[in-house]
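Novice: After the C-alpha cells below, expect a handful of questions from me.
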Amino acid sequence: MKDYQNQLLSKWRKFTEFLQNKKTRRYSRITYGVVWNLLLLFIIIAVLGFSFAGGVGAGYFASMVKDEPVRTKSELKKDIYNYEETSEIYFANQVYLGKLKTDLEREEITLDKVSKHLANAVIATEDEYFYEHDGVVPKAIMRAIFQEFTNSAVQSGGSTLTQQLIKNQVLTNEVSFERKAKEILLALRVEKFFEKDEILQTYLNVSTFGRNSSGDNIAGVQAASEGIFGKDAKDLNLSQSAFIAGLPQSPFGYTPFTQQGKLKKNVEPGLNRMKIVLKRMRDGNYISEKEYQDALKYNLKKDFIPKKESQIKNYPWVTYEIKKRSIDILAKIIAKEDGYDESDLKKDKDLREQYLSLADRNLHQNGYKIYSTIDKKMYDQMQKVAKNYQYYGNARSEQVIDPETKKVRTVLEPVETGAVLIENKSGKIISFVGGRDHEREATNHATHALRPNGSTMKPLLVYGPGIELGKLAPGSVKANVPVRMDSSSANPYPSNYGGGYTGLTTARVALAKSYNVPAALFYADIRNQQPIKYLEKMGFTSLQPADYNSIALSLGGMTDGVTVEENVNAYATFANKGKFVDAYMIDKIETKDGKAIYQHKAKPVNVFTPQTSYLTVDMMRDVISSGTASSLRGSLAFSADWAGKTGTTQDFQDAWFVAANPNVTFGTWIGYDTPKSLEQNYKGVPYSKRNINLWAQLMNAAYKVQPELVAPKKRFEMPGGIVRRSFCAVSGLLPSESCSKAGMVQTDLYVAKFVPGKMDNSFAGSGKYVQAGGKRYVALPSTPGEFTSTGVSVSPDTLESIGGKYIIDPSALSPDTKSGGSAVSANARLSDNGKVPNPPSVWKQGNTIAWGKHPEGDVIGFRVYSNGKRVRSIKAGENLAFGGRGGSYYVTAVDIAGKESSPSNSVSTAGTASSAN
C-alpha cells in the first residue's frame, strides 16, 4: 500500500514540474487563445444563424397568415359562439315533446352548471397548462416549425383548448402548416379578448361526444350527460366525468352506444380511455390517491342508461308539421328584419326559398323553444282510434315505378284518412290525424294532401254566399229534375247521387239530402257575382284559374283539391258567426333565454253576417237530423248542437264529413292515395257511413279527454234580423190564394232584409194534368176528366226562376213538399198524334185480366168493359190489371185528346178479384 502511495506522489510531482516548465506555460497560453477565439466565433455564428432563421421563420409565418383578417373581439365572439343548439318543441300546455331532429343534438350550458370533476378532467386531459399559457405552448410552435423545415409529417397534436376551439369553430380540420399558423394567431387573439372560463365553457359546449341512448349524435357536455347517464352535467360523479372527458379524442370509437341506440357489446375502449383521464387527473393533483383508486374500482357500466326511444320518433306527423310551420314563421321574421314583407315572399319564389333556408338554419342552431296547440292526450287517443278502426275497406292494388330498379311493380294501397279538430273562436288546431301509418306513407293527409271536397263545398260556395247575397234562403225553390248545364255534352249534367229526382225542392231539403242539381242551379244564379271570393276569404289556397268559372266547383269538383285543414277551417266560419279565424298550430316561439320572438295573434276576417251564418248552420242541422248524416246520432257517445255536411266525389273516390258545434269544428276524409273508388259496402256498411262512423269514434275519443270543450251545453244562438215567414213551395215567393188552395204553403227562416216581396204567380191554369210515359203533362180541354189529376200548372216565369233554361223535360217537375200537392209546367204539353189509338192486347192471370204499356206515347189511360158496360178507368201510370166477379171483359185505350180505341180481345174470368192501382 505504501509503495502504491509513493508511486502516485511521484507522478504528481512530475505533472507539477511539467506545468511549471517555461516551455509548457508558453504553449498553454497559445492554445487557450485559439480555443477562446474559436468559441467566440462559434457563438457569433450561432447567434447570427438563429437570428437569420428566426427572421426567415417569422417571415414565413407572416406569409402564412397574410390573408387572415384581423378580427375584432365582436367578430371573434360571433365566430366561436356560433354553434348549433337543438330547438325543443312542446305540446299544448307546455307538455314537452322533444328536440327537433338534427344531425347533431346539442344543449347549451354555463360553466357553473358543470361538475367540477368534469371541467378538471377536460383540462387535465386536453390542456394541462390551460390556466398558464396565452393560447399556445411555445414548444408546440417550435415542433411545428421543425416539422415544416424537415419536411416531416405535419401533426396537430399538442394543441391547447383555445386552439382546438379555433379549429372547430373558426377554421377547418385541414392538416397544413398554413392552417396551423392561422390557428396560433387566432388563439393568441382569443386569449387576449376572453377570460379563461369563457373559453373553457365554450369548448365544453362545442365538443362532440359520440352518440346517446337514442342513437343520435350529440355535442356539448349537457347533451352527453343526459344522453349517456341520464343526468345533468352538474350531477356527474368522478368516474362519469372522466368517461365523458375522454370521448372527444375519438367520439365514435369510445361512445358506448350504437347508431341504433343499443349498448355496445364491447365498451372497453371507452373505459380504458376513462382510466387514462383519471391518471392524468391524479398526476395533476386534481384528485387524491383515494379518489383515484375509488374511481378506478367504480362500476361505470351500470350507469349507462338503456335504449331510449326518441319522443320525436313517436310523433313524426306532429314533429314535421311543427318544424315546417316554425320555418315559415321564422322566414317571415328574418325577411321583415331585412326590409321585406310577406307579400314580397309570395311574389318572389327565389326570395322565399332563400329565407326559408335561413330560417331552417336558425331553427337548428339557435335552440328555440316552440310551443304548439296540439293536446297530447287527445292526439294520442285519436291515433289509437285511427290505427284500430275496422271499417276503412280493403286495400287495393296499384302499379308504381320502383325508384331504384325503374321497373313497374304492384303494391297494395290501403284506404287512408285525415282529420282535423279546430277551436272555432281561436283557430287552434287542437288535434289531427295525419294518416294510418307514417312508415308506410309519410304524407300528412290532414294538412298537405289535396283532394276534391265533394258536396262539403255546397255550404261554402253556394248556400252561404247565396244567402249573403240575398239570392236564396232556406225556402228558395229550384227544380230537382234532369238538367243539362254543360252545353258541350249531350248527357244530363249534373246528376244526383243514385240518379233520383224529386221534381221541385227547397234549398233546405236540397242541402239536407245533398241533391246536386238544385245546388248547381243555385250556383248558376250567383256565379257572375264571384262567390269563389268567399272561399279565398276562408283560407282556400289551392284554387286554380279553371275553377273560377266551373259549375263543377259548386259540387266540389276542384282542379287540385283542398286539404282537410282548410276545408274544416272554412266550416268554422259558420260556427264563428261569420268570422274566419285562420287555423294555427304554433302558439309561441321563444329564444333559449326565454324571450318571445313570436306570439300568435288571431286576425279575424269578416266573411258572412251572423244572420247568414246562422241560417246556413240551421240548414246543416237537418243534414244530421234527417239528411245524409242521420246515422251520426247512433254512433256518438254524447250530444251537442251539431251542424254539418257530408261529401262524396266522382266515382266515390273520396268520402268527407265536416261538422261544427258552438265550440269546435271537426272533419274527416277517407280515400286512396292514388284516387280509386271506395267500396260501396264493406262489412255491410256503405262507404259514407263508414266515414261518419270514423268521425264519431274520433270525437268520442276527444270527448273523453276534454268533454266541456267537445260537447258544450250551449246551442247556436239565433241573432237578431231573422224572421219566420210563409212561402209558396212552387216558387219560393209569398203564397197566393191559389198556392194555398193547392196545399203548397210552407214556412221557414229568412234574413229580414231579404224576405220575399213578391206574390206567387206560378199557377197558370186549372191545375189539371195527366201522366204518360212516367211524366206529367198539362191536360187538354178535351182530355177525359177520369184520367186527370188535380194540381197546379207552373207559369213560364216561375219555370225560368227555378232553372227552366237548363231543364231537359219540364214534365218531370213535381214539388217535394211536406204538405203534398203536385205541379206541372205550363210548357209541359203532350202532343196528340192525330189518330185513334190501337186497342191493347189483354190476357188472363188467374181471376185477373192484365195488359201492357201502350206503345203510343199520347195514350193516357184505359177503360175496362164487362158485358159491354164500362166498369173501371185506369190511368196509364197505374197498375194495368183488373179483376171482377166473373164474366167476359175487354179493354180500350184512350189518348190525351179523348179518342178511344176499338175493343181489345175478350177475356173471361170466373172468380172475384180487385184492381191494383
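Novice: Among the residues of segment 860-870, is any loosely packed, with under 14 Cβ neighbours inside 10 Å and either modelled with pLDDT of 90 or more or closer than 29 Å to Asn491 by Cβ (or both)?
Specialist: Within segment 860-870, one or more residues are loosely packed, with under 14 Cβ neighbours inside 10 Å and either modelled with pLDDT of 90 or more or closer than 29 Å to Asn491 by Cβ (or both).
Novice: Residues in segment 313-326 that are farther than 20 Å from Arg436 by Cβ and touching a helix residue (DSSP H, G or I) at 6+ places or on another chain (Cβ under 9 Å): how many?
Specialist: Residues that pass the stated criteria total 2.
Novice: Now for a different question. Please go through segment 290-325 and give me each residue that is in a helix (DSSP H, G or I), aliphatic (A, V, I, L, M) and modelled with pLDDT under 95, ordered by number. Please lay out each step first, then the result.
Specialist: The first filter runs over segment 290-325 and keeps only residues in a helix (DSSP H, G or I), leaving 290-297, 300-303, 311-314, 316-325.
Okay, now just the ones that are also aliphatic (A, V, I, L, M), so 295-296, 300, 312, 318, 322.
Within segment 290-325, Ala295, Leu296, Leu300, Ile312 meet the criteria.
Novice: Moving on. When you scan segment 412-423, do you find a residue that is out of contact with any His (no Cβ under 7 Å at 6 or more places or on another chain) and hydroxyl-bearing (Ser, Thr, Tyr), even just one?
Specialist: No: zero hits.
Novice: Moving on to the next point. Out of Ala575, Ala583, Ala640, Ala602, which single residue is out of contact with any His (no Cβ under 6 Å at 6 or more places or on another chain) and over 28 Å from Lys533 (Cα atoms)?
Specialist: Ala640
Novice: Scan segment 557-601 for residues that are more than 17 Å from the chain's Cα centre (by Cα) and assigned to a helix (DSSP H, G or I) and jot them down.
Specialist: Within segment 557-601, Tyr571, Ala572, Thr573, Phe574, Ala575 meet the criteria.
Novice: List pairs: first in segment 544-563 and over 13 Å from Leu461 (Cβ atoms), second aliphatic (A, V, I, L, M), Cβ under 7 Å, 6+ apart or cross-chain?
Specialist: Pairs that qualify, where the first residue is over 13 Å from Leu461 (Cβ atoms) and the partner is aliphatic (A, V, I, L, M), are Thr559/Ala546; Asp560/Leu450; Gly561/Leu450; Thr563/Ala449; Thr563/Leu450.
Novice: In contact with a strand residue (DSSP E or B) (Cβ under 8 Å, 6 or more places away or on another chain), at pLDDT below 95 and either part of a helix (DSSP H, G or I) or surrounded by 16 or more Cβ atoms within 10 Å (Cβ to Cβ) (or both), is that true of Glu416? So that I can check it myself, show each step before the final result.
Specialist: Numbers: in contact with a strand residue (DSSP E or B) (Cβ under 8 Å, 6 or more places away or on another chain): yes; at pLDDT below 95: no; either part of a helix (DSSP H, G or I) or surrounded by 16 or more Cβ atoms within 10 Å (Cβ to Cβ) (or both): yes.
Judged against the criteria, Glu416 is not a match.
Novice: Separate question: Keeping to segment 545-556, report how many residues are at pLDDT 95 or above and in a loop (DSSP other than H, G, I, E, B).
Specialist: Residues that pass the stated criteria total 1.
Novice: Check segment 402-424 and report whether any residue there is under 30 Å from Ala335 (Cβ atoms) and out of contact with any Gly (no Cβ under 9 Å at 6 or more places or on another chain).
Specialist: yes
Novice: Restricting to segment 216-250, and then to whatever is surrounded by fewer than 18 Cβ atoms within 10 Å (Cβ to Cβ) and modelled with pLDDT under 90, can you tell me which residue is nearest to Thr160 (Cα to Cα)?
Specialist: Per the criteria, the residue is Gln249.
Novice: Anything in segment 381-400 that is surrounded by 14 or more Cβ atoms within 10 Å (Cβ to Cβ) and not in a strand (DSSP E or B)? List them, or say none.
Specialist: Scanning segment 381-400 gives Gln381, Met382, Gln383, Val385, Ala386, Tyr389, Tyr391, Tyr392, Gly393.
Novice: If a residue must be part of a helix (DSSP H, G or I) and more than 20 Å from Phe580 (Cβ to Cβ), how many such residues does segment 524-544 contain?
Specialist: Selection size over segment 524-544: 4.
Novice: Now a separate question. Please find, within segment 363-380, the residue that is farthest from Asp593 (Cα to Cα) out of those that are surrounded by fewer than 19 Cβ atoms within 10 Å (Cβ to Cβ) and of a type outside the set (Asp, Glu).
Specialist: Ranking the qualifying residues of segment 363-380, first place goes to Lys377.
Novice: Here's a follow-up. Take the residues in segment 723-739 that are small (Gly, Ala, Ser) and touching a residue at least 40 places away in the same chain (Cβ under 8 Å), then tell me which one is farthest from Thr505 (Cα to Cα). Outline the logic, then answer.
Specialist: Here is the first cut: in segment 723-739, the residues small (Gly, Ala, Ser) are 726, 729, 731-732, 736, 738.
With the extra rule that they be touching a residue at least 40 places away in the same chain (Cβ under 8 Å), the set shrinks to 729, 731-732, 738.
On the way: Ala729: 8, Ser731: 10, Gly732: 10, Ser738: 19 Å.
So, considering only residues that are small (Gly, Ala, Ser) and touching a residue at least 40 places away in the same chain (Cβ under 8 Å), the one farthest from Thr505 (Cα to Cα) is Ser738.
Novice: Only residues that are under 37 Å from the mean Cα position of the chain (by Cα) and without any contact (Cβ under 8 Å) to a residue 12 or more places away in the chain: list them for segment 189-235, please.
Specialist: Residue satisfying the conditions is Lys231 alone.
Novice: Between a residue in segment 699-722 that is in a loop (DSSP other than H, G, I, E, B) and any residue that is among the aromatic types (Phe, Trp, Tyr) and surrounded by fewer than 16 Cβ atoms within 10 Å (Cβ to Cβ), which pairs come within a Cβ distance under 6 Å, given they are 6 or more apart or on different chains?
Specialist: Ala711/Phe638
Novice: How many of the residues in segment 602-636 are free of Cβ contacts under 8 Å to residues at least 40 places away in the same chain, surrounded by 14 or more Cβ atoms within 10 Å (Cβ to Cβ) and assigned to a loop (DSSP other than H, G, I, E, B)?
Specialist: 1
Novice: Still on this model: Taking segment 339-359 only, how many residues are in a loop (DSSP other than H, G, I, E, B) and either surrounded by 11 or more Cβ atoms within 10 Å (Cβ to Cβ) or at positive phi (or both)? Before you say what the answer is, go through the steps one by one.
Specialist: Filtering segment 339-359 down to residues in a loop (DSSP other than H, G, I, E, B) leaves 339-341, 348.
Restricting the remaining residues to those that are either surrounded by 11 or more Cβ atoms within 10 Å (Cβ to Cβ) or at positive phi (or both) gives 339-340, 348.
Summing the residues that are in a loop (DSSP other than H, G, I, E, B) and either surrounded by 11 or more Cβ atoms within 10 Å (Cβ to Cβ) or at positive phi (or both) in segment 339-359 gives 3.
The values are calculated or read from the model by the stated rules, or taken from the named source; none is laboratory data. No experiment lies behind these values; they were computed from the predicted model shown. In this analysis, Cβ positions are derived from the backbone assuming ideal geometry, glycine residues included, and neighbour counts consider all displayed protein chains.
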